[in-house]
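Each remark here refers to the structure printed beneath this line.
FYI, it's all coordinate maths here, none of it is from the lab. All values derive from a computational prediction rather than experimental measurement. A quick note on method: Cβ atoms are made from the backbone with ideal geometry, for glycine too, and the neighbour counts reach across all protein chains shown.
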Amino acid sequence: MYMMDLILFFLGMLILVLGVLIGVAFLTLLERKILGYIQIRKGPNKVGFMGVLQPFSDAIKLFTKEQIYPNYSNYLSYYFSPVVSFMLSLMIWMLIPYYFNMISFNLGILFFLCCTSLGVYTVMIAGWSSNSNYALLGGLRAVAQTISYEVSLALLLMSSVIMIMSFNMMNYILYQNLIWFIFLMLPLSLCWFSSSLAETNRTPFDFAEGESELVSGFNIEYSSGGFALIFLAEYSSILFMSLLFVLIYLGGYNLTFFFYLKLSLISFLFIWVRGTLPRYRYDKLMYLAWKIYLPISLNFLLFYLGFKIILM
């Protein structure tokens with residue numbers, strides 16, 4: 001029986017990973033189409049039926065290209081950091097309980113914070129091991145940015161944790177039957193959204209790959225498979241952040257069409273922001289994290305703590 005459970009567990013995880021990868025493929029297509037409409041130009045909608053084959057042709061092109069590496073790079077860490085980055089971004093998805101093999105993490109939120117913190121190291125090592133000044137600078141920027149925003153991200157999460165008094169993500173649906181948390185925590189949800197933009201290195205906070213000054217940042221020396229894995233890790237974390245937003249603020253986790261609609265809407269917002277906003281200045285980014293989001297999240301944490309005590 002125990003062996004059967006294990007087999008079912010791994011099968012469920014395999015299906016989940018495949019689903020995430022297909023989701024990421026079509027998220028890139030959605031992004032290119034939306035950016036095409038925003039910039040009033042044609043998107044990649046010519047390959048096959050409405051561009052559906054475009055992500056797959058990109059994947060085949062990237063993974064069949066020749067792998068080149070700098071002579072003076074630290075080869076092992078250079079080679080494996082994108083792989084580890086990709087593995088970490090997929091590991092976070094194990095938090096999502098499937099209905100056919102029901103893994104329920106009692107400490108899911110802590111696991112999420114641990115995995116996102118580890119993601120910083122892969123970016124730093126990718127930048128450092130390339131042995132290129134631009135890559136190193138991009139890596140250091142990414143580390144400083146991600147560490148700064150993780151503090152506010154954890155504190156924003158703590159407010160919602162205090163409301164449900166549990167680290168289990170499945171409990172959010174029980175507490176949001178009558179009212180969604182976004183109505184109780186509107187300022188916090190907006191802070192969370194912009195912090196998750198910074199956490200996933202997206203515009204307007206994409207300093208790790210500022211083309212104008214860093215010629216693409218920490219991934220400049222990567223080509224073919226390595227580049228594709230970094231790209232996949234970034235987009236799967238965008239999807240997960242969207243899912244987490246829906247889970248915490250928009251009614252919890254339930255497998256309905258409406259749930260997927262909400263998830264698509266938040267993913268769309270990530271892309272909309274990219275097409276609309278210019279890049280921030282680096283000192284303003286740090287100012288935003290430490291002098292605005294940190295005090296806001298701490299104040300709201302105390303407020304919800306008091307709120308909970310009164311309710312109890």
Highest-fluctuation residue, Phe257, Phe270, Phe112 considered, GNM on the chain with Cα pairs under 10 Å:
Phe257
By a straight-distance test (C-alpha under 17 Å), which lysines pair with Lys42 as possible cross-link partners, with residues fewer than eight away in the same chain excluded?
Lys33
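Give me D for segment 51-175 in µm² s⁻¹, whole number, from Stokes-Einstein with Rh from the Kirkwood sum over alpha-carbon pairs, 25 °C and 0.890 mPa s.
Taking Rh from Cα pairs, D becomes 142 µm²/s.
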Can you work out the FRET efficiency for the pair Lys291 and Ile22, with r the C-beta to C-beta distance and R0 = 41 Å, to the nearest 0.05?
0.50
Using only Cα atoms, tell me the angle between helix 108-129 and the longest principal axis of the chain; keep it within 0 to 90° and round to the nearest 10.
20
Round to the nearest 0.05 the FRET efficiency obtained for Tyr282 and Lys308 when R0 = 35 Å and r is the Cβ-Cβ distance.
0.40
For Ser77, Ser242, which order do you get if you count the other beta carbons within 10 Å of each Cβ and list the fewest first?
Ser77, Ser242
If I fit a long axis through the Cα atoms of helix 224-249 and take the longest principal axis of the Cα atoms of the chain, what angle between them do I get, 0 to 90°, rounded to 10?
20
Note on segment 183-296: alpha-carbon gyration tensor, axes a ≥ b ≥ c; rule is a/c under 1.5 for rounded, else prolate if a/b larger than b/c, else oblate; result oblate
Expected sort for Met94, Met4, Met286 with the fewest Cβ neighbours (10 Å cutoff) up front is Met4, Met286, Met94
Could you tell me the center-to-center distance, by alpha carbons, between segment 257-312 and segment 21-93 in angstrom?
27
Taking other Cβ within 10 Å of each residue's Cβ, how do Ile40, Ile7, Ile34, Ile266 sort, fewest first?
Ile40, Ile7, Ile34, Ile266
q = 0.13 Å⁻¹, the chain: log10 I(q)/I(0) [Debye, one scatterer per Cα]
-1.02
Most fluctuating of Asn254, Asn177, Asn299 in the GNM of the chain (C-alpha, under 10 Å) is Asn177
Answer in debye to the nearest 20: the dipole magnitude of segment 125-266 about its Cα centre, from +1 Lys/Arg and -1 Asp/Glu charges placed on Cβ, is 440
Magnitude of the charge dipole, segment 65-311, Cβ model with Lys/Arg +1 and Asp/Glu -1, debye to 20
500
For n ≥ 4 DSSP H runs only, could you compute -39500 (n - 2.57) per run for the chain, divide by its residues and tell me the 222 nm figure to the nearest 500?
-23000 deg cm²/dmol
Helix 186-199 axis, angle to the chain major axis (alpha carbon atoms, nearest 10°):
20
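Go through segment 198-300 and name the trypsin sites (Lys or Arg not before Pro) that are in a DSSP coil and have 11 or fewer other Cβ atoms within 10 Å of their Cβ.
The qualifying sites are Arg281.
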